[in-house]
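Following: one structure in structure tokens, then a few remarks.
The values are calculated or read from the model by the stated rules, or taken from the named source; none is laboratory data. Only a predicted model underlies this, so the values are computations on that prediction, with no experimental measurement involved. All Cβ positions, glycine included, derive from the backbone under ideal geometry; neighbour counts span all protein chains shown. Calculation scope for accessible area: heavy atoms of the full protein, side chains included, ligands and nucleic acids excluded. Shrake-Rupley method; radii C 1.70, N 1.55, O 1.52, S 1.80 Å.
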Amino acid sequence: MAIITLTTDLGYKDFYQAALKGSILNTLPNVNIIDITHEIEAFNISKAAFLLKNSFYYFPKYTVHLIGIDTVYSASNKYLAVKYRDHYFVGSDNGIFSLIFEETPQEVVELNILQSLKFLHFPLADIFVKAACHLASGGELKEIGDPTFEIEHRMNFNPVVEKNQIKGCVIFIDSFENVVTNVTKDLFTKVQNGRNFTLFFRRNETINQLSWHYDEVQEGEKLCLFGISDHLEIAINKGKASGLLGLKANDMIRIEFH
């Protein structure tokens, strides 16, 4: 069965999400629609990229991932369809693809599907749906767009690495209020080189050992570990680390090795 995933900032209060799904089912009745999330803050490209980057590869090859972030028409806003690691992505060329992909995509086209006047202010339910359903039905990229090699690039804040130190920041707070940083496991291990460490963050809090599981410390105690995303997390066993430790997105963290 064909699969289309949805990652949008549409929320659940309005009719927009229902309209999007109805448009998909009208075009491709037997498709399997999977919600990744509709709770992205409006236009938060970085958060959407983080969630999709860490979830798309769990789906079967040739799944179509429809990205509904910053899709409203503007003269400078191009719409792309991309093949990457045998998955398809449909979204605005607003920099989000550069945050998701770790290498050059297999194929990229700028969509040339005509906009219906009926959906002039909601291209997500028109151009994007037509492209996603075409690909989910086994259609080729070249049939819905013109080949291009130009993708808008956006830079995330990267950790600053010194001989005995990594300076990073908080990039995501999950629904359990675990705090995810931009320090990856590979980077940490490389700089650590077998040494001890101390993690410093807000309110002069420190952690000096890695955990494998959240329950390796007493309930209510803080810990750090590499979670499912392979990024360093700050958490509290059965507690809400973000609120209790006063950590939020973009807050700085520091790791010293000794």
Subset of region 80-112 (residues that are open to solvent by 40 Å² or more (accessible area, probe 1.4 Å) and at pLDDT below 95)
102, 103, 104, 112
Exactly one of these conditions fails for residue 155: (1) surrounded by fewer than 16 Cβ atoms within 10 Å (Cβ to Cβ); (2) over 19 Å from residue 100 (Cβ atoms). Give me its number.
(2)
Tell me, please, whether a residue that is in contact (Cβ under 8 Å) with a residue 12 or more places away in the chain, of a type in the set (Phe, Trp, Tyr) and surrounded by fewer than 14 Cβ atoms within 10 Å (Cβ to Cβ) can be found in region 11-26.
yes
Just to be sure before I move on: is residue 77 touching a helix residue (DSSP H, G or I) at 6+ places or on another chain (Cβ under 7 Å) and either open to solvent by less than 20 Å² (accessible area, probe 1.4 Å) or at pLDDT below 90 (or both) in the structure I sent?
no
Qualifying positions in region 90-141 - over 22 Å from residue 9 (Cα atoms), in a helix (DSSP H, G or I) and touching a Pro at 6+ places or on another chain (Cβ under 9 Å):
141
Can you pull out the residues in region 54-64 that are open to solvent by 20 Å² or more (accessible area, probe 1.4 Å) and in contact with a Phe, Trp or Tyr (Cβ under 8 Å, 6 or more places away or on another chain)?
62
Mind checking which pairs have a first residue in region 209-237 that is without any contact (Cβ under 8 Å) to a residue 60 or more places away in the chain and a second that is of a type in the set (Val, Ile, Thr) and in a loop (DSSP other than H, G, I, E, B), Cβ under 9 Å, 6 or more apart or different chains?
211/217; 223/217; 236/217; 237/217
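Have a look at 151, 171 and point out the one that is in a loop (DSSP other than H, G, I, E, B), in contact (Cβ under 8 Å) with a residue 60 or more places away in the chain, of a type in the set (A, V, I, L, M, F, W, C) and within 30 Å of residue 86 (Cα to Cα). Talk me through it step by step, then tell me what you get.
Working: 171 fails: in a loop (DSSP other than H, G, I, E, B).
Within the list 151, 171, the selection yields 151.
Show me the strands (runs of 3 or more DSSP E) found entirely inside region 1-89 where at least 1 residues are closer than 23 Å to residue 148 by Cβ and over 13 Å from the mean Cα position of the chain (by Cα).
Details: elements: 3-8, 32-37, 64-68, 79-84.
Per the criteria, 3-8, 64-68, 79-84.
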The listed residue being within 19 Å of the chain's Cα centre (by Cα) and of a type in the set (Asp, Glu), out of 103, 107
103
Kindly indicate whether any position in region 134-147 is more than 27 Å from residue 18 (Cβ to Cβ), under 14 Å from the mean Cα position of the chain (by Cα), open to solvent by 30 Å² or more (accessible area, probe 1.4 Å) and free of Cβ contacts under 8 Å to residues at least 60 places away in the same chain.
no
Being in contact with a helix residue (DSSP H, G or I) (Cβ under 8 Å, 6 or more places away or on another chain), assigned to a strand (DSSP E or B) and not hydroxyl-bearing (Ser, Thr, Tyr), is that true of even one residue in region 235-252?
yes
Filtering region 202-225 down to residues that are in contact with an Asp or Glu (Cβ under 7 Å, 6 or more places away or on another chain) and hydrophobic (A, V, I, L, M, F, W, C), which residue is surrounded by the fewest Cβ atoms within 10 Å (Cβ to Cβ)?
225
